[in-house]
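Single-structure report; data block below.
The values are calculated or read from the model by the stated rules, or taken from the named source; none is laboratory data. Worth saying up front: this structure is predicted, and the values here are computed from it rather than measured. All Cβ positions, even for glycine, are placed from backbone atoms using ideal geometry, and neighbour counts span all protein chains on display.
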Amino acid sequence: MSDSVAPPRSVVIRPSLLELFRAFAVVSVSGFGGALPWARRMIVDQRGWMTAEEFNEAFALSQFLPGPNVVNFSVVFGSRFGGAAGAAVALAGLMGPPLIIVTILAFLYAQFGELELLGRILAGITAAAVGLLIAVVAKMAAPLFRKRWDWAPLIAIAAFVGVAIIQWPLPLVFVVLAPISIALAWMRR
Amino acid sequence: MNDNPLVPLFGYFALLSLFAVGGANAAIPEMHRIAVDVMHWMNDRQFADSFAIAQISPGPNIIIVTLIGYHVAGLAGAAVATVAMCGPTCVFAFLVARTWDHFKEARWRIAIQAGLVPVSLGLIAASAFVLARSADHNIYAALITAVTAIVAFATRINPLWLFAVGGVLGLSGWL
């Protein structure tokens, strides 16, 4: 079938491990509200490490895997260029700086979290962040409810009800719904 | 042994990481259920605060587990929670990445990808619902949420501006 030998890859600039680390460290601290646009800019536009198609392909895989997309992407990307070492280095670059920053914030919150003032600011930010999440849901839902296969909205609603209303554990809801959903998608095609 | 909070911290997050299709946003309700309802590590407000801090921090939003871990057991807790949440999925991603390209056109792969989209959508919607319930305890907070949702949906504004407006409104004592 399509299992033929992979064609020789077009011109690729191979990053060194140090470059990999630095690139993902820069992406991680730039990436407020989603690191994807920054990763794409760096990898495709600036360094030429991947073509736009390769990037989309690698990112599609990262989205389908469990766990945070960007974290998966750093592993997929790093392993492509440097095997296990590349994956580890890209991951360390992506997670290192944010971990240091957030640990400092966690310490400050432990010290001052009871302050009325801070509580009010965080309450406002949370309210806005929830709004942002609702917008993400709306953007994801729009194409799903418009076309695709007719079962999709029902699956989404079932997952929502199971987790949010009945409050079943996520693994349970997932183990029940994911196979059904995949089977329906399979039969649809 | 049974009192060591690092053990459930690791166990819960490692298990959760394998089902978090859609990333941190999909896993919020389960984190809330475990941290607040089951284990009583933190209260509702502390959970909502952790979410807010993770949102305004640079880097992946999954970093909320670092905050929860720190709250439970200091630096050791932060490290354990982060490794538990990222470790298993990273190993999985590494293994899959090596074989995936061979199955690019395979029907089962396309079915898996299409089938997981609605599940992950439902989970993220559940996250929004659970968070709204802990965050919007009055009409003004709900208004901030609603307006932010509309602006974020209709424009491509940098979310940091929306967080800043929310923070200032919160500071001014509306909430």
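Which numbered condition in (1) at pLDDT below 85; (2) more than 19 Å from the chain's Cα centre (by Cα); (3) within 27 Å of B:Arg33 (Cα to Cα) is the only one that B:Tyr140 fails?
(1)
Would you point out the residue of the stretch B:127-144, among those that are of a type in the set (Gly, Ala, Ser) and closer than 17 Å to A:Val163 by Cβ, that is surrounded by the most Cβ atoms within 10 Å (Cβ to Cβ)? Can you show your working first?
From the stretch B:127-144, those of a type in the set (Gly, Ala, Ser) are B:127-128, B:132, B:134-135, B:141-142; that's our starting set.
Next, only the ones that are closer than 17 Å to A:Val163 by Cβ stay: B:127-128, B:132, B:134.
Details: B:Ser127: 29, B:Ala128: 26, B:Ala132: 22, B:Ser134: 19.
Top of the filtered list is B:Ser127.
Under 6 Å between Cβ atoms, which residue pairs at least 6 apart in sequence (or on different chains) link something in the stretch A:162-174 that is under 13 Å from B:Val38 (Cβ atoms) with a partner that is outside any helix (DSSP H, G or I)?
As it stands, the answer is A:Leu170/B:Phe19, since those pairs meet every condition given.
Suppose we filter B:Gly74, B:Gly173, B:Gly87, B:Gly59 for residues that are more than 7 Å from chain A (Cβ to nearest Cβ), of a type outside the set (Val, Ile, Thr) and on the phi > 0 side of the Ramachandran plot; which single one remains?
Working: B:Gly173 fails: more than 7 Å from chain A (Cβ to nearest Cβ); B:Gly87 fails: on the phi > 0 side of the Ramachandran plot; B:Gly59 fails: more than 7 Å from chain A (Cβ to nearest Cβ).
Exactly one of B:Gly74, B:Gly173, B:Gly87, B:Gly59 is more than 7 Å from chain A (Cβ to nearest Cβ), of a type outside the set (Val, Ile, Thr) and on the phi > 0 side of the Ramachandran plot, namely B:Gly74.
Can you pull out every residue in the stretch B:130-142 that is at the interface with another protein chain (Cβ under 7 Å from one of its Cβ atoms) and among the charged types (D, E, K, R)? Please lay out each step first, then the result.
So the first thing to find is which residues in the stretch B:130-142 are at the interface with another protein chain (Cβ under 7 Å from one of its Cβ atoms), and the list is B:130-132, B:135-136, B:141.
Across the stretch B:130-142, the qualifying residue is only B:Asp136.
What helices (runs of 4 or more DSSP H), lying completely within the stretch B:1-69, carry at least 2 residues that are of a type in the set (D, E, K, R)?
Counting at least 2 such residues, we get B:44-56.
Scan the stretch A:118-161 for residues that are closer than 13 Å to B:Ala149 by Cα and either assigned to a loop (DSSP other than H, G, I, E, B) or of a type in the set (Ser, Thr, Tyr) (or both) and jot them down.
Matches in the stretch A:118-161: A:Thr126 only.
If I ask for residues that are more than 7 Å from chain A (Cβ to nearest Cβ) and among the hydroxyl-bearing types (Ser, Thr, Tyr), which ones from the stretch B:104-129 would you list?
Passing the criteria: only B:Ser120.
Can you tell me which residue among B:Leu67, B:Leu18 is in contact (Cβ under 8 Å) with a residue 12 or more places away in the chain, in contact with a strand residue (DSSP E or B) (Cβ under 9 Å, 6 or more places away or on another chain) and at the interface with another protein chain (Cβ under 9 Å from one of its Cβ atoms)? Don't jump to the end; show me each part of the working.
Numbers: B:Leu67 fails: in contact with a strand residue (DSSP E or B) (Cβ under 9 Å, 6 or more places away or on another chain).
Selected residue: B:Leu18, the only one of B:Leu67, B:Leu18 that is in contact (Cβ under 8 Å) with a residue 12 or more places away in the chain, in contact with a strand residue (DSSP E or B) (Cβ under 9 Å, 6 or more places away or on another chain) and at the interface with another protein chain (Cβ under 9 Å from one of its Cβ atoms).
Does A:Arg80 count as surrounded by fewer than 23 Cβ atoms within 10 Å (Cβ to Cβ), more than 23 Å from B:Leu162 (Cα to Cα) and in contact with a Gly (Cβ under 8 Å, 6 or more places away or on another chain)?
Working: surrounded by fewer than 23 Cβ atoms within 10 Å (Cβ to Cβ): yes; more than 23 Å from B:Leu162 (Cα to Cα): yes; in contact with a Gly (Cβ under 8 Å, 6 or more places away or on another chain): yes.
So A:Arg80 passes the test.
So which of B:His137, B:His102 ends up being more than 19 Å from A:Ala106 (Cβ to Cβ) and out of contact with any Asp or Glu (no Cβ under 7 Å at 6 or more places or on another chain)? Explain how you work it out, then say what you get.
Numbers: B:His102 fails: out of contact with any Asp or Glu (no Cβ under 7 Å at 6 or more places or on another chain).
Result of the check over B:His137, B:His102: B:His137.
Taking the stretch B:154-170, which residues are over 25 Å from A:Ala142 (Cα atoms) and more than 8 Å from chain A (Cβ to nearest Cβ)?
From the stretch B:154-170, those over 25 Å from A:Ala142 (Cα atoms) are B:164-170; that's our starting set.
If the condition is that a residue be over 25 Å from A:Ala142 (Cα atoms) and more than 8 Å from chain A (Cβ to nearest Cβ), then B:Ala164 is the only one that fits.
Mind checking which residues of the stretch B:21-61 are among the β-branched types (Val, Ile, Thr) and modelled with pLDDT of 90 or more? Please lay out each step first, then the result.
First, the residues of the stretch B:21-61 that are among the β-branched types (Val, Ile, Thr): B:21, B:28, B:34, B:36, B:38, B:53, B:56.
B:Ile28, B:Ile34, B:Val36, B:Val38, B:Ile53, listed by residue number.
I'm trying to understand the selection: among the residues of the stretch A:36-77, which are buried (at least 20 other Cβ atoms within 10 Å of the Cβ) and in a loop (DSSP other than H, G, I, E, B)?
Listed by number, the residues that qualify are A:Trp49, A:Met50, A:Leu65, A:Pro66, A:Pro68.
Output the residues belonging to the stretch A:78-122 that are modelled with pLDDT of 90 or more, among the hydrophobic types (A, V, I, L, M, F, W, C) and under 30 Å from A:Ile13 (Cα atoms).
Correct list: A:Ala84, A:Ala85, A:Ala87, A:Ala88, A:Val89, A:Ala90, A:Leu91, A:Ala92, A:Leu94, A:Met95, A:Leu99.
Among the candidates B:Leu160, B:Leu169, B:Leu116, B:Leu175, which residue alone is touching a residue at least 12 places away in the same chain (Cβ under 8 Å), out of contact with any Leu (no Cβ under 9 Å at 6 or more places or on another chain) and over 28 Å from A:Leu172 (Cβ atoms)?
Working: B:Leu169 fails: out of contact with any Leu (no Cβ under 9 Å at 6 or more places or on another chain); B:Leu116 fails: over 28 Å from A:Leu172 (Cβ atoms); B:Leu175 fails: out of contact with any Leu (no Cβ under 9 Å at 6 or more places or on another chain).
Of B:Leu160, B:Leu169, B:Leu116, B:Leu175, the one residue that is touching a residue at least 12 places away in the same chain (Cβ under 8 Å), out of contact with any Leu (no Cβ under 9 Å at 6 or more places or on another chain) and over 28 Å from A:Leu172 (Cβ atoms) is B:Leu160.
Filter the stretch A:166-183 down to the residues that are within 7 Å of chain B (Cβ to nearest Cβ) and part of a loop (DSSP other than H, G, I, E, B), then identify the one that is nearest to B:Ser17 (Cα to Cα).
Within the stretch A:166-183, the subset within 7 Å of chain B (Cβ to nearest Cβ) is A:167, A:169-171, A:174, A:177-178, A:181-182.
Now restrict to residues that are part of a loop (DSSP other than H, G, I, E, B): A:167, A:169.
Values: A:Gln167: 18, A:Pro169: 13 Å.
Residue satisfying both the conditions and the ranking: A:Pro169.
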